[in-house]
Amino acid sequence: MPAPLKTVESSSPLPEAADAVIIGGGIIGAFAAYYLARRGMKVALLEKGRVGAEQSSRNWGWCRQQNRDARELPMATKSLELWERFAAESGEDTGFRRCGLLYLSNDDEELATWARWRDFARTVGVTTQVLSATEATQRAAWTGKPWKGGVFSPTDGTADPASAAPAVARALLKLGGTVLQECAARGVEREGGRISAVVTEKGAIRTKVAVLSAGAWASSFCRQLGIRFPQATVRQSSAAISPGAGVLPDALHTKAISITRRADGGHTLAISGRGRVDPTAQFLRFSPQFLPMFLRRWRSLAPGGLEGIRSGHESLARWRLDQPTPMERMRVLDPSVDESAVRLMYERAAALIPAIRERTITAKWAGYIDSTPDGVPGIGEVTGFPGLILAAGFSGHGFGIGPGAGHLIADLVTGAQPFVDPRPLHPDRFAHSAWGRVAEF
Ligand SMILES: Cc1cc2nc3c(=O)[nH]c(=O)nc-3n(C[C@H](O)[C@H](O)[C@H](O)COP(=O)(O)OP(=O)(O)OC[C@H]3O[C@@H](n4cnc5c(N)ncnc54)[C@H](O)[C@@H]3O)c2cc1C
């Protein structure tokens, strides 16, 4: 079942030329296109299915600085400001609110990790409130349980995954940009080494700049161009429960269950980090590089099935530019739900907050999270490929930093002074091992 998602109209026809072509209409591609259009560029946003239909509508909607890796934190801070500014400057609603995020725990090790992050965050001017046992228990009185401690991050918030990417695409249309859905990019052409066109299923668009924001499909697309981008996907399931009586938090994380208020007044349930790995040829190819990541996360991961192979997003096959590609056969990656995980999350949520028993499950879905070996995205112009900007591998936390990532991409394309140091994010680092560099959260 797909996650709830609003729609945006497509433009027609295919433009012959554009200043920049964005491949992939998730939150990253949509914001990159928007910020490029705001700088006066003629932009075409290509989406093989529907804008926002993959990861960008299947997430919890958390927009957080809390527990961010140092390499992403400046972008996360800027993103919060940009989420707010976007609504004001575009008139479009992404559902963003600074509701604060609440973390509760009875695990000493987890609490120590959060306290360490607080100490680091202070050094870069980010405020978070580490809660004592009394404070955490008081703040979470609706659980009726004692807590050893917690964290409240007052400046963080949530946006609505069903609205956000379509809202940004609508803002792009208002700026004169082009949004093409059901229009897969099959490849690129080059002249003198530089990008000269993006070839789509509906024809070619001449351009000197292509941004590859293709989420879980980025690595197989790169492979066609001879670019090695190590990427792995993990299938995670979530459920939505109906709106109803009872005090439920806006955004709560515990080890057992995470609960997030949805725009319709219902809540999304999920178990942080829990997922299934569906083995594929690409997974086997890159698995040595993912060893440090899987060693850190293996407790929450379970083996999956064959649907990763059936989906085609991690195919090692080569495709031709004049024939349908795996992207046209799978317009929207909509993997099957892990029913046992959904049952478990409902039981855990109800055990924590008994009022949840009055709610029913109204939707459930799964999404493939695309990860890099160190859990930090790859953003930057691909070395040896002038004009091709890679922006993928957001590793389960790209929704909240969508505006910042889009802004950074626009900085890189236009040659403006980047608002954050882009070097730690550059994809060149994937040529080296990720040992000692895996993001903690
Ligand atoms: C269950 C779950 C919970 C999450 N929770 C959070 C959270 O609370 N906070 C947070 O910050 N992040 C969260 N994330 C992660 C977040 O959703 C992703 O990091 C983010 O949405 C990635 O955005 P994207 O644009 O890179 O990818 P996507 O949203 O996957 O978009 C990529 C798009 O590219 C399109 N595409 C691919 N190839 C082509 C092609 N050749 N031509 C045209 N189009 C193409 C695809 O159809 C797709 O729509 C979560 C993810 C999941 C699955």
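Around the Cα centre of the chain, unit charges on the Cβ atoms of Lys, Arg, Asp and Glu (plus for the first two, minus for the last two) sum to a dipole of about 340 debye. Taken about its Cα centre, the stretch 1-117 carries a charge dipole of about 240 debye when Lys and Arg each add +1 at the Cβ and Asp and Glu each add -1 at the Cβ. Taking a span of 15 Å or more along the helix axis (Cα atoms) and a mean Kyte-Doolittle hydropathy of at least 0.0 as the rule, the DSSP H helices of the chain that qualify are 27-38, 164-174, 281-297, 339-352, 402-414. Based on Cα contacts under 8 Å between residues 6+ apart, the chain shows a relative contact order of 23 percent. Computed over neighbours whose Cβ is under 15 Å from that of Ala392, the net charge equals -4, Lys and Arg +1, Asp and Glu -1. Taking Leu269, Leu14 and ordering them by how much accessible surface each has at a 1.4 Å probe, largest first, produces Leu14, Leu269. Bins of 5 Å, beginning at zero and ending with the bin holding the largest distance: percent of Cα pairs per bin for the stretch 156-279, please. Here the calculated profile for the stretch 156-279 is 2, 8, 12, 14, 14, 14, 12, 11, 7, 4, 2, 0, 0.
With bins 5 Å wide beginning at 0, the percent of Cα pairs of the stretch 95-140 falling in each bin runs 5, 18, 26, 24, 18, 8, 2.
How about the stretch 343-437: which GluC sites (Glu not before Pro) there are in a DSSP loop, with at most 10 other Cβ atoms within 10 Å of their Cβ? Before the final figure, lay out the partial values.
Working: sites: Glu347, Glu358, Glu381; in loops: none.
Counting only loop positions with at most 10 other Cβ atoms within 10 Å, none of the GluC sites (Glu not before Pro) in the stretch 343-437 qualifies.
In percent, rounded to a whole number, the relative contact order of the stretch 150-240 is 14, using alpha-carbon pairs under 8 Å and six or more apart. Shape descriptor for the chain: Rg over Rh equals 0.95 (Cα atoms; Rh from the Kirkwood inverse mean 1/r). Summing Cβ point charges (Lys, Arg +1; Asp, Glu -1) relative to the Cα centre of the stretch 165-248 gives a dipole of roughly 200 debye.
Against the 2.2 N^0.38 Å scaling, with N counting residues, where does the stretch 1-90 land? I'd like the Cα-based Rg ratio to two decimal places. Show your work: numbers first, answer last.
On the way: Rg = 14.8 Å, N = 90, 2.2 N^0.38 = 12.2 Å.
Computed over Cα atoms of the stretch 1-90, the ratio equals 1.22.
Listed by chain and number, the lysines whose C-alpha is less than 30 Å from the C-alpha of Lys255, apart from same-chain residues fewer than 8 away, are Lys78, Lys145, Lys148, Lys364.
By the scheme Lys and Arg +1, Asp and Glu -1, what is the net charge of all other residues having a beta-carbon under 13 Å from that of Pro354?
+2
Kindly identify the stretch 41-169 as rounded, prolate or oblate by the Cα gyration tensor criterion: order the square roots of the eigenvalues as a ≥ b ≥ c, call it rounded if a/c is under 1.5, otherwise compare a/b with b/c, prolate if a/b is larger, else oblate. Here the stretch 41-169 falls in the prolate category.
What does the charge count near Val420 come to, summing +1 for each Lys or Arg and -1 for each Asp or Glu among other residues with Cβ under 11 Å from its Cβ? Let's see the in-between values first.
Values: positive: Arg71, Lys78, Arg423; negative: Glu72, Asp411, Asp421.
Taking every other residue near Val420 into account, the sum is 0.
For the stretch 214-372, the relative contact order works out to 36 percent when only alpha carbon pairs closer than 8 Å and six or more residues apart are counted.
Tell me the carbon and sulfur percent of the accessible area for the stretch 51-195, rounded to whole percent, probe radius 1.4 Å. Using a 1.4 Å probe with all protein chains present, the stretch 51-195 comes out at 49 percent carbon and sulfur. Computed with every protein chain present, the accessible area of Met75 is close to 0 Å² [probe 1.4 Å]. What shape does the stretch 170-234 take by its C-alpha gyration tensor, where a ≥ b ≥ c are the square roots of the eigenvalues and a/c under 1.5 counts as rounded, a/b above b/c as prolate, and the rest as oblate? Oblate, since a/c reaches 1.5 and b/c is not below a/b. Protein heavy-atom surface of the stretch 325-392, 1.4 angstrom probe: 57% of the accessible area is carbon and sulfur, with nucleic acids and ligands not counted.
The values are calculated or read from the model by the stated rules, or taken from the named source; none is laboratory data. Note that the coordinates shown come from a computational prediction; the quantities given were computed from them, not determined experimentally. Counting neighbours? That spans all protein chains shown, and the Cβs are built from the backbone with ideal geometry, glycine included. For the accessible areas, the whole protein counts, side chains as well, though only heavy atoms, and no ligand, DNA or RNA atoms are used. Shrake-Rupley method; radii C 1.70, N 1.55, O 1.52, S 1.80 Å.
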